[in-house]
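Data first, discussion second: the structure below is written as structure tokens.
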Amino acid sequence: MRVYLFIVILAAVVTYLVTPSVRLLAQRVGAITPVRERDVHTIPTPRLGGLAMFGGFAIAIIFAANMPFLEGVFTQSGAAWGILIAAGMVCLLGVADDIWELDALTKFVGQVLAAGFLAWKGVQLTTLPVGGVTVVSARMSLFFTVLAVVVAINAVNFVDGLDGLAAGIALIGGSAFFIYSYLLTRDASPGDFSSLASLVVAGLVGACLGFLPHNFHPAKIFMGDSGSMFLGLTLAASTVTVTGQVNPDVVSRAELFPAFVPILVPIAVLLIPVIDLLLAVVRRVAKGKSPFHADRMHLHHRLLNLGHSNRGAVVIMYLWTAVFAFGAALLVVMPITQAMWVWAVSFIVALVVTLGPLRNLLSRRDAEREKL
């Protein structure tokens, strides 16, 4: 655990220190987000923040490669370096988009290439961790891996609409997934707690932690597509690597359910961004528009319309991410019944907090109608 904590701190410190320099770079190359009708920010803001996040993540991974505790992670396969290179690929793709605003097809092709590279380096959805059951053929494995990675990338991109929102969601969801992967690895291999999934998500959490002080409202810099693509790919890669790691013979009965459904926590971690993505696609296609046509109907926009402040809406999104992500992670630390009770109570609390301003909003509308 101390090694992973060091990875988190190292990634956070490097990201925090590098971000101001990246902000200056963004200003010099013209990577500035203008104020558009659909935007919430009120002044043009530099982007390219993902470049700093990738820098912190990369330094942490390189240091990890020289640690005896994590030696096996790098010697068993090339997956660790594959994730780092693929993360660099989508980050550079995002940098190009932050500067020149690439078209949707170019970005999609770049995302598919990065996801394909991940699969080629061994990061694939191939088996369930129960008896090593192969669930798809080689071609279908490649297809589902690329699909999962591309969906995750665009889901995080879609949810990145308020100061600190995407970084905070990735931080919270990544923390929950780290707990899940660490405990699962500890029980699956008691003599060796090293895990590629835990390493990757630790670096990711650290990068988000170091970037948030610069990105929280009022943001001094946005992560841009360079950041949202980086977050989406690394979240997807860390969750995919869990598949096939768990031996059911050494997993306790209380943990057999989450071991049997290893995709449960990954889904919970990315649930809020994916819901936002799916709603946006359905909404826009139903209106005869492109799925990538921007609007002001995202979940965070709805929270603002409900009466929450900018920071309040972000905190609400954090809360829901924690409810789903940590709620799923509880399945590895307590019986299912207890975990469900905790989740149900948390869900109700989050719902009350979310809908709190609704009563005041309705009261104001009633008062306005009475004046008329």
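Values quoted throughout were computed directly from the atomic coordinates according to the rules given, and no laboratory measurement underlies them. None of these values were measured; they are calculated from a predicted model. Here the Cβ is made from the backbone with ideal geometry for all residues, glycine too, and neighbour counts use every protein chain on show.
Within 14 Å, Cβ to Cβ, of Asn154, how many net charges do the neighbouring residues add up to if Lys/Arg are +1 and Asp/Glu are -1? Counting the neighbours of Asn154, the net charge comes to -2. Between the amide H of Thr33 and those of Thr45, Arg47, distances stay under 5 Å, these residues lying 5 or more places away or on another chain, with hydrogens modeled in the peptide plane. Shown in residue order for segment 325-333 are the 3J(HN,Hα) couplings computed by the Karplus curve 6.51 cos²θ - 1.76 cosθ + 1.60 at θ = phi - 60°: 5, 6, x, 6, 5, 4, 5, 9, 10 Hz (x for Gly and Pro).
Net charge near Ser194, counting Lys/Arg +1 and Asp/Glu -1 over other residues with Cβ under 11 Å of its Cβ?
Value of the local net charge: -1.
Segment 153-205 and segment 273-346 have Cα centres separated by 17 Å.
Amide H to amide H distances under 5 Å link Leu125 with Thr145, where only residues 5 or more positions off or on other chains count and H is placed in the peptide plane.
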